[in-house]
Amino acid sequence: MSQDSVVYLNGAFLPISEAKISVLDRGFIFGDGVYEFVPVYHRRPFRLAQHLKRLENCLAAVGIANPKSTAEWEALFHEMIRRAPYEQQAVYLQVTRGVAPRDHPFPQGATPTVFMMVNPLKLPTPEQIEHGVACVSAEDFRWHRCDIKSISLIGNILLRQMSAEADAAETVLFRNGFLTEGSSSNVFAVKNGTILAPLRDHLILPGITYDAALEFAPKIGVPIETRPVSRAEVLAADELWLTSSGKEVLAITTLDGQPIGDGKPGAVFKKMWAYFQEQTKG
Ligand code: PDD
């Protein structure tokens, strides 16, 4: 993103170098806000309605009044997409509780801060798609409301740094011996041709790509079991995948240095990946 990229801040479109917020913004002081990350293919946002619905749910969960109607959000997305010079885009949006003297309880009468920017969409490389990626695992030490897409990402950042330092693509998280998700993605296992999906509960983000994968599975003839998935099942899986708005569907071929299945992206992954490409870029 260059210094003159146009961003949206509280009603204005302006170059990023001119976009300024108060140091008392609760996003800066407390990480008190929520966000969305929407992939855009050929200038069409993928599942925008679902992203806006999740945004609405997250704002409600943290008690921030939704500053815009769905129609206003849609219009703003389309304006940002129109202004950006890329065909494939990543639209980032965040809403914070606004500016107020530092005090933990919700301030009276603060106006939510709304910020949006567009970057080029960075998808997995052909090499990563063909060979899969290495991941490491860690105990999921985050809070118990991982279903909220909070901008307070210190837990996710510390966990992601573990894989970054191991030169791995993602950190796969387990809580009390059960798979939750990745530091910034959802995780699925495949065993004997069936997708094993962790429960969509408070311990994982309800990923838009997670939902898309579960919706696509019957269309490519793959059964799903949505239930707790143990660490032993993950280690013995035939396939392991990451999903997210930036990674789409990506095969994990080693976990903590041990091969998953035969150590290559599996047959079910290949079907899902191909179907995903059709839906997004076809
Ligand atoms: N991350 N789980 C976590 C913790 C995430 O941060 C994300 C997305 C997902 C996948 O959600 P979706 O399919 O809606 O992208 C799951 C985004 C991309 C990010 O933080 O940049």
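Residue separation times 0.36 nm, minus the C-alpha to C-alpha distance between Glu56 and Thr125: what's the value? Before the final figure, lay out each step's value.
Values: separation 69, 0.36 × 69 = 24.84 nm, distance 3.25 nm.
Gain on stretching Glu56 to Thr125: 21.6 nm.
What is the distance in Å between the Cα centroid of segment 84-110 and that of segment 33-63?
13
Provide the FRET efficiency to the nearest 0.05 for the Phe141-Glu278 pair, computing r from the beta carbons and using R0 = 45 Å.
Numbers: r = 38 Å, r/R0 = 0.85.
Working from the Cβ atoms, E equals 0.75.
Keeping the other protein chains in place, figure out the carbon and sulfur percent of the accessible area of segment 1-128, with a 1.4 Å probe.
56
For the chain, with a Gaussian network of springs between Cα atoms less than 10 Å apart, report the residue from Ser69, Ser150, Ser185 with the top mean-square fluctuation.
Maximum fluctuation in the GNM of the chain, among the listed residues, is at Ser69.
For the chain, give the magnitude of the charge dipole about the Cα centre (Cβ charges: +1 Lys/Arg, -1 Asp/Glu; no others), in debye to the nearest 20.
In debye, rounded to 20, the chain gives about 520.
From the C-alpha gyration tensor of the chain, pull out the three semi-axes of the equivalent ellipsoid (sqrt of 5λ each), sorted largest to smallest, in whole Å.
Result for the chain: semi-axes of 33, 22, 17 Å.
Excluding residues fewer than 8 places away in the same chain, name every one of the lysines whose C-alpha is closer than 27 Å to that of Lys247.
Those lysines meeting the cut-off are Lys53, Lys122, Lys149, Lys191, Lys219, Lys264, Lys270, Lys271, Lys281.
Normalising by the residue count of segment 144-282, find the relative contact order in percent from Cα pairs under 8 Å and 6+ residues apart.
On the way: 226 pairs, mean separation 29.6, N = 139.
21 percent.
Tell me which GluC sites (Glu not before Pro) from segment 1-92 have a DSSP coil assignment and no more than 16 other beta carbons within 10 Å of their own.
Those that pass, being in a loop and sparsely packed, are Glu87.
Considering only DSSP beta bridges where both residues belong to segment 62-187, give the percentage that are antiparallel (nearest 5).
Numbers: 11 of 16 bridges.
For segment 62-187, the DSSP antiparallel bridge percentage is about 70.
Between Ala49 and Arg83, what length in nm is gained on full extension when 0.36 nm per residue of separation is reduced by their alpha carbon distance?
Full extension of this stretch gives 10.2 nm more.
Rounded to the nearest 0.05, what FRET efficiency is calculated for His104 and Glu225 with R0 set to 30 Å and r the Cβ-Cβ distance?
Details: r = 42 Å, r/R0 = 1.39.
With R0 = 30 Å, the Cβ-Cβ based efficiency is 0.10.
To the nearest 0.05, how large is the calculated FRET efficiency for Phe28 and Asp262 if R₀ is 41 Å and r is the Cβ-Cβ distance?
Using R0 = 41 Å, I get an efficiency of 0.30.
What whole-number value in Å² describes the accessible area per residue of segment 175-236 for a 1.4 Å probe?
40
Length gain on complete extension for the stretch Leu14 to Lys270, per 0.36 nm per residue less the alpha carbon to alpha carbon distance?
Length gained, Leu14 through Lys270: 88.0 nm.
Under 12 Å from a point 7 Å along the Cα-to-Cβ line of Asp211: which residues of segment 30-71 have their amide N that close?
Label zone hits: 47-58.
Taking only C-alpha pairs under 8 Å that are 6+ residues apart, what is the relative contact order of the chain in percent?
Working: 544 pairs, mean separation 49.5, N = 282.
That works out to 18 percent.
Given the DSSP H assignment, sum -39500 (n - 2.57) over each helix run of at least 4 residues in the chain and divide by its residue total; what's the result at 222 nm in deg cm²/dmol, nearest 500?
It lands at -8500 deg cm²/dmol.
Once you compute Rg and the Kirkwood Rh from C-alpha atoms, what is the Rg to Rh ratio for segment 72-139? Numbers along the way, then the final one.
Details: Rg = 18.7 Å, Rh = 15.9 Å.
Result: Rg/Rh = 1.18.
Among bridges DSSP assigns within the chain, what percent are antiparallel (round to 5)?
Here the antiparallel bridges make up roughly 80 percent for the chain.
Output the 0 to 90 degree angle, nearest 10, between the alpha-carbon long axis of helix 48-62 and the longest principal axis computed from the alpha carbons of the chain.
For helix 48-62, the angle is close to 70 degrees.
Can you tell me which lysines have their Cα less than 17 Å from the Cα of Lys20? Leave out same-chain residues fewer than eight positions away.
none
With springs only between Cα atoms under 10 Å apart, run a GNM on the chain and tell me which of Ile64, Ile29, Ile252 wobbles the most.
Of Ile64, Ile29, Ile252, the most mobile in the Gaussian network model is Ile29.
Rolling a 1.4 Å sphere over the protein heavy atoms, what is the accessible area per residue of segment 86-162, to the nearest Å²? The partial results should precede the final answer.
On the way: 4190 Å² over 77 residues.
So segment 86-162 comes to 54 Å² accessible per residue, rounded to a whole number.
Rounded, prolate or oblate: which one fits segment 112-215, using the alpha carbon gyration tensor with axes a ≥ b ≥ c (rounded when a/c is under 1.5, else prolate when a/b beats b/c, else oblate)?
Taking the square roots of the gyration eigenvalues as a ≥ b ≥ c, segment 112-215 is rounded.
Suppose a student asked you for the relative contact order of segment 1-157, using Cα pairs under 8 Å spaced at least 6 residues apart; what percent would you report?
It comes to 32 percent, rounded to a whole number.
The values are calculated or read from the model by the stated rules, or taken from the named source; none is laboratory data. From a predicted model like this one, the values you see are computed outputs, not experimental measurements. Virtual Cβ from ideal backbone geometry, glycine too; neighbours counted across all protein chains shown. With ligands, DNA and RNA removed, areas are computed over all heavy atoms of the protein, side chains included. Shrake-Rupley method; radii C 1.70, N 1.55, O 1.52, S 1.80 Å.
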